[in-house]
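Nothing in this text is a laboratory measurement; each read-out follows from the coordinates by a stated rule. All of these numbers come straight from a predicted model, not from anything done at the bench. Methodologically, a virtual Cβ is constructed for each residue, glycine included, from the backbone with ideal geometry; neighbour enumeration extends over all protein chains shown.
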Amino acid sequence: MEKIELLVRNLILIVVVAAFLELLLPVGEMRRYVRMVIGILVIFAVLQVLVGLFDRTDLLPRVTIEKQSFEGGEQSRFQEEYANRAVAAYRRGLARQVKALAGLSGLEVAEVEVVMDEKGGRYPRLMEIRLHLEPAAAAPEDLAGAEKAAGAIADFYNLPREKVVVARP
């Protein structure tokens, strides 16, 4: 019943618009084109209702997707493996950032070791950063720059200064 009401409403609207356009247009070729366009609109309105009547979704089979169940804790093993990969990638990213920050301070770092607390909660927490200097950067005047760089890194990562350790070769 709703579809027939929609058809009647659309047809009335199309007829009103057609009458209004014919009053505005001068006599001649243009009226013929307006009548043709209005005729096409009427055909579309009727087709819309007919297609709506024959559009029956209840005839199609229903498709459902069930969750895949893992046996013997296999799912938790996969979750743990992906979590470990994510933590390792995070650790590598932090090490690259720290090495870059130390390089900006003029400090030559051979290796950066990132220590994280992975048992404290859901996400690992940064506990300590260890900077292993290049053998060439072990001169006493370079160690003062190393302490300055370590302070900047501690400030950047919001760590206490004693949690950024500079290890000499």
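Before moving on, here are some points about what is shown:
- Each pair of Cα atoms in region 73-122 enters the Kirkwood radius, and Stokes-Einstein at 20 °C and 1.002 mPa s then converts it into a translational diffusion coefficient of 169 µm²/s.
- Residues whose placed amide H lies under 5 Å from that of Met116, excluding near-sequence neighbours: Met127
- Distant-in-sequence amide H partners of Val164 (H built 1.01 Å from N, under 5 Å): Ile129
- In region 2-55, a dipole from Cβ-located charges (positive for Lys and Arg, negative for Asp and Glu) runs towards its positive end, and of Leu13, Gly28, Phe44 it is Gly28 whose Cα lies farthest in that direction.
- For Leu133, distant residues with modelled amide H under 5 Å away: Ala110, Ala167
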